[in-house]
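K.L.:
Input: one structure, supplied below.
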Amino acid sequence: MQEEYFGEGMINRLPAFLKRIGCKKIFLVTGKKSFEKSGARDKIFNAGFDFEYVRFSDFTENPKTEDVEKGIKQLKNSQCDTIVAIGGGSVIDMAKLINIFSANSMDVNSFISNSIRIERKGKPLTAIPTTSGAGSEATHFAVLYNDKEKYSAAHEFILPDLVIIDPELTYDLTPQQTAVSGIDALAQAIESHWSVNSTDESKKYSSSAIKLVIDNLADAVKNPKPESRREMSRAANLAGKAINITKTTAPHALSYTMTSYFGVTHGQAVSITLGEFMKYNFEVSETDVTDKRGAEYVKRSILEIAEIMGCSSAYDAADKIKILMKDTGLKTSLKGLGISSSESLKLIAENVNTERLQNNPRKLTKSGLEVIIRNII
Ligand SMILES: [Fe+2]
């Protein structure tokens, strides 16, 4: 069971929380710059953070095998008894991977070849997001890239034990960082809502997250005030809670190649097909539905999404996503991202992540995929 604290200034309680669990030495996983830039560093030291610690920040965005292995080695040599991750989704995922792999004495290669079993929980893990998007603090999985291929570790032991969400840590995000992380939260919430794994509980989380992003993302990007920052922090966490139950679907499945081969940021990559999949999934029929609850149920779920977004149809909702993306400085076409050659498009189409695709409510046919890609060129 996860313990969670939300609110401005909440990070000041970190030293007290760590003292309460009796920790002696901390393995602090942070971004290279975000730890200072978010104000997290000053805040925790001013609040009495006087523990011995080892800081691990020597890795790039989107956890890669070499970096995870470096982290595992460093943790092993450090004698740390507690892990604290302060940063965006990649930082929190990195801490999760290092922790779970170390606890189960596994190297990344055996994980990739599927010959491992997670049997032991790692050290107590605290997650403190400095962006409002990924919601990684709320999920029991972590993404890893090996040789441009995406893998996902999933186990209940991966879920952080303690979460501190302090919206003040997001105050210094640039408009671009706010947009790409916020649109990831929207994609996660929408995908969760139409996922074949959705439940009443997940839909409560995803509904609230969709509404919060629609009402606050443009403000948070263009004219950030504490209120919109707070609501976006809440939205990201709720979307995280939603996908923790349902996992993500087709827009995420299609995004990983754009990220690993073309360096497209995660939020930008997942959002570029979101509107197209809104239409595609709405046109589901009994012959291609993958949700056991049937095509009508899927259509209803998508109409619920549209309604939450203040739209009267899936097509209006798809347009609204595009307008929001343009309004927040995001690209709405592959060309805008510098991807236009036919080889590149083929690569994206052929490398769809099948694991995440299984959660999509409508089977993705080759011709369906071609239409989607054609519409975002
Ligand atoms: Fe995501």
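The values are calculated or read from the model by the stated rules, or taken from the named source; none is laboratory data. The structure presented is a predicted model; accordingly, all values stated were derived computationally and were not measured. Methodologically, a virtual Cβ is constructed for each residue, glycine included, from the backbone with ideal geometry; neighbour enumeration extends over all protein chains shown.
K.L.:
Of everything in the range 1-40 that's of a type in the set (A, V, I, L, M) and in a helix (DSSP H, G or I), which residue is surrounded by the fewest Cβ atoms within 10 Å (Cβ to Cβ)?
P.N.:
Checking each candidate, the answer is Ala16.
K.L.:
So which helices (runs of 4 or more DSSP H) are wholly in the range 240-323 and hold at least 2 residues that are away from the ligand (no atom under 16 Å from the Cβ), at pLDDT 95 or above and surrounded by fewer than 17 Cβ atoms within 10 Å (Cβ to Cβ)? Before the answer, list the steps.
P.N.:
On the way: elements: 250-262, 266-271, 274-282, 295-308.
Because the criterion is at least 2 residues that are away from the ligand (no atom under 16 Å from the Cβ), at pLDDT 95 or above and surrounded by fewer than 17 Cβ atoms within 10 Å (Cβ to Cβ), the helices (runs of 4 or more DSSP H) in the range 240-323 that meet it are 295-308.
K.L.:
Still on this model: Which residues, counting only those in the range 171-196, are surrounded by fewer than 15 Cβ atoms within 10 Å (Cβ to Cβ) and either free of Cβ contacts under 8 Å to residues at least 60 places away in the same chain or over 25 Å from Lys33 (Cβ atoms) (or both)?
P.N.:
Correct list: Thr174 only.
K.L.:
Another question about this same structure. Pick from the range 324-357 the residues that are more than 21 Å from the chain's Cα centre (by Cα) and of a type in the set (S, T, N, Q): which of them is surrounded by the fewest Cβ atoms within 10 Å (Cβ to Cβ)?
P.N.:
Step by step, filter the range 324-357, then rank; the result is Ser342.
K.L.:
Kindly indicate whether any position in the range 174-181 is within 16 Å of Ser301 (Cα to Cα) and either in the same structural domain as Ala138 (by TED's automatic domain parsing) or part of a helix (DSSP H, G or I) (or both). Don't jump to the end; show me each part of the working.
P.N.:
Kept after step one, since they are within 16 Å of Ser301 (Cα to Cα), are these residues of the range 174-181: none.
No.
K.L.:
Could you run through the range 126-137 and say how many residues are within 12 Å of the ligand (Cβ to nearest atom) and either of a type in the set (Gly, Ala, Ser) or closer than 13 Å to Asn99 by Cβ (or both)? Even if it seems obvious, please write down each step before you answer.
P.N.:
Keep residues of the range 126-137 that are within 12 Å of the ligand (Cβ to nearest atom), which gives 131, 133-136.
When the remaining residues are screened for being either of a type in the set (Gly, Ala, Ser) or closer than 13 Å to Asn99 by Cβ (or both), the result is 133-136.
The total comes to 4.
K.L.:
Moving on. Pick out the one residue from Ile86, Ile92, Ile72 that is in contact with a strand residue (DSSP E or B) (Cβ under 8 Å, 6 or more places away or on another chain) and in a helix (DSSP H, G or I).
P.N.:
On the way: Ile86 fails: in a helix (DSSP H, G or I); Ile72 fails: in contact with a strand residue (DSSP E or B) (Cβ under 8 Å, 6 or more places away or on another chain).
The match here is Ile92.
K.L.:
A further question follows. When you go through (1) within 17 Å of Ser102 (Cα to Cα); (2) more than 16 Å from the ligand (Cβ to nearest atom); (3) not in a loop (DSSP other than H, G, I, E, B) one by one for Arg120, which number turns out not to apply?
P.N.:
Arg120 satisfies all of (1) within 17 Å of Ser102 (Cα to Cα); (2) more than 16 Å from the ligand (Cβ to nearest atom); (3) not in a loop (DSSP other than H, G, I, E, B) except (3).
K.L.:
Here is a check on your reading of the model: is Val221 of a type outside the set (Asp, Glu), in a helix (DSSP H, G or I) and within 16 Å of the ligand (Cβ to nearest atom)?
P.N.:
Values: of a type outside the set (Asp, Glu): yes; in a helix (DSSP H, G or I): yes; within 16 Å of the ligand (Cβ to nearest atom): no.
No: the conditions fail for Val221.
K.L.:
Considering only the range 1-48, how many residues are over 28 Å from Glu231 (Cβ atoms) and among the hydrophobic types (A, V, I, L, M, F, W, C)?
P.N.:
Matching residues across the range 1-48 total 7.
K.L.:
Quick one: would you say Lys121 is more than 18 Å from the chain's Cα centre (by Cα) and more than 15 Å from Ala153 (Cβ to Cβ)? Can you show your working first?
P.N.:
Numbers: more than 18 Å from the chain's Cα centre (by Cα): yes; more than 15 Å from Ala153 (Cβ to Cβ): no.
So Lys121 does not fit the description; no.
K.L.:
Could I ask something else about it? Could you identify the single residue in Val108, Val143 that is among the aliphatic types (A, V, I, L, M) and within 16 Å of the ligand (Cβ to nearest atom)?
P.N.:
Details: Val108 fails: within 16 Å of the ligand (Cβ to nearest atom).
Exactly one of Val108, Val143 is among the aliphatic types (A, V, I, L, M) and within 16 Å of the ligand (Cβ to nearest atom), namely Val143.
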